[in-house]
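> One structure follows; several queries about it will come next.
The values are calculated or read from the model by the stated rules, or taken from the named source; none is laboratory data. Keep in mind it's a predicted model, so treat the numbers as computed, not measured. Counting neighbours? That spans all protein chains shown, and the Cβs are built from the backbone with ideal geometry, glycine included.
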Amino acid sequence: MLPPPNNAHLQLVQTPAFVLIVTETLTEARVVPLDGRPHLPPAMLRWKGDSRGKWEGDTFVVDTTNFRPKGIYHNLDLLKGTDDALHVIERFRLVSADTIAYRLTSQP
């Protein structure tokens with residue numbers, strides 16, 4: 001979920017089992033399970049990958065694997081690994097009532 005140049009607003013909605021991340025751009029939504037289930041098998045690839053979430057204190061951590069080749073993060077120099085080898089970790093932390101700190105890292 002790299003921020004676009006404009007319309008970078010997002011909304012996080014939490015239920016007991018999921019966190020929904022809705023971005024203003026293209027009105028995209030990601031449903032992130034919180035129940036500890038494993039990632040999908042490696043052969044099951046998705047456009048934005050297969051996300052799993054958990055809370056670490058006040059930080060929401062999203063672990064995403066299984067990206068489809070030539071998918072959403074294709075050829076981004078800031079990420080290590082490409083396509084099906086890409087493994088992204090995102091961290092969301094509420095800084096104030098209207099500010100979320102966002103950090104994205106990747107693993108080879």
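> In segment 14-27, which residue that is over 14 Å from the mean Cα position of the chain (by Cα) and at pLDDT 75 or above is surrounded by the fewest Cβ atoms within 10 Å (Cβ to Cβ)?
Of all residues in segment 14-27, those over 14 Å from the mean Cα position of the chain (by Cα) come to 14-17, 24-27.
Imposing the further condition that a residue be at pLDDT 75 or above reduces the set to 14-17, 24.
Details: Gln14: 13, Thr15: 9, Pro16: 6, Ala17: 9, Glu24: 13.
Checking each candidate, the answer is Pro16.
> Restricting to segment 84-108, name every residue that is at pLDDT below 75 and assigned to a loop (DSSP other than H, G, I, E, B).
Pro108
> If I go through segment 47-83 residue by residue, how many of them are at pLDDT 85 or above and part of a strand (DSSP E or B)?
Total satisfying the criteria: 14.
> Search segment 54-65 for residues that are in contact (Cβ under 8 Å) with a residue 60 or more places away in the chain and pair each with any residue that is surrounded by 15 or more Cβ atoms within 10 Å (Cβ to Cβ) and of a type outside the set (S, T, N, Q) when their beta-carbon atoms are under 6 Å apart and the residues are at least 6 apart or on different chains.
Pairs that qualify, where the first residue is in contact (Cβ under 8 Å) with a residue 60 or more places away in the chain and the partner is surrounded by 15 or more Cβ atoms within 10 Å (Cβ to Cβ) and of a type outside the set (S, T, N, Q): there are none.
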